[in-house]
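One structure is given here, and the rest of the page talks about it.
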Amino acid sequence: MEATVQVLTCARCETDITGQRDGKSKRAGLCARCGRAERLSTYFKRYYQRNKEKILEKNRRWARENKERVAELRRIRLSKQPKKPKEPKFCIDCGTVVQRALRCRKCYVRNKYHTDAEYRRKRLITTKRWAQKKREEARLHKMIDSAETTAQPVAR
Ligand SMILES: [Zn+2]
Ligand SMILES: [Zn+2]
């Protein structure tokens, strides 16, 4: 009678591990390579869990000290992302196409004027100043005009 040999394969990559040394990997049902990778991954996960705060603090410090590099990496990451077709955005009040904001410039000002008392106060001061300036300009023009009309051409 022939003895049937049971074929063992790695649970991850399906390598034949029948003849593999009976070590940690084989007992876990993995080939030597997958077993080592699995143990390393477990080790790093545990290491990360135990030192999470220290690692995060170190990363944050590095980011603070290497702002330009961080920005560069972010640009690279963004440029690698497939670009989503940009959906047009519209002002929530009047429907004008806007870039990012909720409202177009005009509606933003109008809305702020109605909801922000401090802004309204400042705008009123600016408007008053502007009107004052216009009045002064008008008066000046009038003076110049009348000066010109009353001045007689000098006879040669
Ligand atoms: Zn394997
Ligand atoms: Zn608008």
> Whole-Hz Karplus ³J(HN,Hα) for region 111-126, in order, using 6.51 cos²θ - 1.76 cosθ + 1.60 and θ = phi - 60°, x for Gly and Pro?
Replying inline: 5, 5, 4, 7, 10, 10, 4, 4, 4, 4, 4, 5, 4, 4, 4, 4
> In straight Cα distance, which lysines are under 28 Å from Lys58, not counting same-chain residues fewer than 8 positions off?
Replying inline: Lys45, Lys67, Lys80
> Roughly how large, in nm² to one decimal, is the mean projection of the convex hull of the alpha-carbon atoms in region 1-62?
Replying inline: 5.6 nm²
> Taking other Cβ within 10 Å of each residue's Cβ, how do Glu38, Glu148 sort, fewest first?
Replying inline: Glu148, Glu38
> What FRET efficiency, computed as 1/(1 + (r/R0)^6) with R0 = 25 Å and r the Cβ-Cβ distance, is obtained for Leu56 and Lys84, rounded to the nearest 0.05?
Replying inline: 0.25
> Which net charge results when you count Lys and Arg as +1 and Asp and Glu as -1 among the other residues whose beta-carbon is under 15 Å from that of Cys31?
Replying inline: +4
> With contacts defined as alpha carbon pairs under 8 Å and 6 or more residues apart, what's the relative contact order of the chain in percent?
Replying inline: 7 percent
> Taking a Cβ-Cβ separation under 4.7 Å as the criterion for a possible partner, which cysteines of the chain have none?
Replying inline: Cys13, Cys34, Cys94, Cys107
>> From the helices alone, meaning DSSP H stretches of at least four residues, give me the mean residue ellipticity at 222 nm for the chain, per-run term -39500 (n - 2.57), in deg cm²/dmol to the nearest 500.
In response: -21500 deg cm²/dmol
> Can you list the residues, at least 5 places off or on another chain, whose amide H is less than 5 Å from the amide H of Phe90, using H built in the peptide plane?
Replying inline: Val98
> Check Ile17: other-chain or 5+ apart residues with amide H under 5 Å from its amide H, H built from backbone geometry?
Replying inline: Leu8, Thr9, Cys10
>> Taking the beta-carbon count within 10 Å as an exposure proxy, list Phe90, Phe44 from fewest neighbours to most.
In response: Phe44, Phe90
> Taking only the alpha carbons of the chain, what extent do you get along each of the three principal axes, in Å, biggest first?
Replying inline: 140, 44, 36
>> Charges on Cβ only, +1 for Lys and Arg, -1 for Asp and Glu, centred on the Cα centroid of the chain; of Tyr48, Ala131, Ala71, which one is farthest towards the dipole's positive end?
In response: Ala131
> What Rg and what Dmax come out for region 101-150 when only alpha-carbon atoms are used, in angstroms?
Replying inline: 17.6, 57
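Readers should treat all values here as calculations from the given coordinates under stated rules, not as data from a laboratory. All of these numbers come straight from a predicted model, not from anything done at the bench. FYI the Cβ positions are ideal-geometry reconstructions off the backbone, even for glycines, and counts take in every protein chain you see.
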